[in-house]
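The values are calculated or read from the model by the stated rules, or taken from the named source; none is laboratory data. Note that the structure is predicted; figures quoted are calculated from it, not measured. Every residue, glycine as well, gets a Cβ built from its backbone with ideal geometry; the counts of neighbours run over all protein chains shown.
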Amino acid sequence: MSSTGPHAAWAKLVTQGLGPTPLTVSVRGETLHMLRIVGITPTLIRDSIQLVFKHHIYVADALQITSAKTINNSKFLTGDKKLAKIAEQEGLQDTYIG
């Protein structure tokens with residue numbers, strides 16, 4: 001692994017104690033404690049494009065759904081009713097917060 005670039009910078013932040021810290025968010029009385037950053041891979045892009053064509057949604061929305069599925073996330077929070085319905089169709093437990 002190279003000692004430069006984004007991965008090295010992230011590793012430096014983590015070792016200095018400045019890396020991933022719990023994110024506390026309260027949504028309608030439910031407290032969530034974790035934020036996870038998912039790297040974009042060719043597989044993630046391919047799967048997202050399939051969702052774009054299947055559901056006629058934006059690439060960014062498809063990336064959110066595909067990323068959640070990739071990390072086996074059980075909850076999907078959104079303020080978009082259409083996206084919540086699609087997330088549910090794709091096997092995610094959606095929570096509409098709009």
Taking segment 71-91 and the residues there that are touching a helix residue (DSSP H, G or I) at 6+ places or on another chain (Cβ under 6 Å) and modelled with pLDDT under 90, the one that is surrounded by the most Cβ atoms within 10 Å (Cβ to Cβ) would be PHE76
Of all residues in segment 51-64 being without any contact (Cβ under 8 Å) to a residue 12 or more places away in the chain and assigned to a helix (DSSP H, G or I), which is nearest to GLY98 (Cα to Cα)?
ALA60
Taking the options SER26, SER2, SER67, name whichever one is outside any loop (DSSP other than H, G, I, E, B) and at pLDDT below 75.
SER26
What pairs come up if the first residue lies in segment 66-82 and is under 12 Å from THR95 (Cβ atoms) and of a type in the set (Val, Ile, Thr), the second is modelled with pLDDT of 85 or more and surrounded by 14 or more Cβ atoms within 10 Å (Cβ to Cβ), and their beta carbons are under 8 Å apart, counting only those six or more places apart or on different chains?
THR78/GLN64; THR78/ALA84; THR78/ALA87
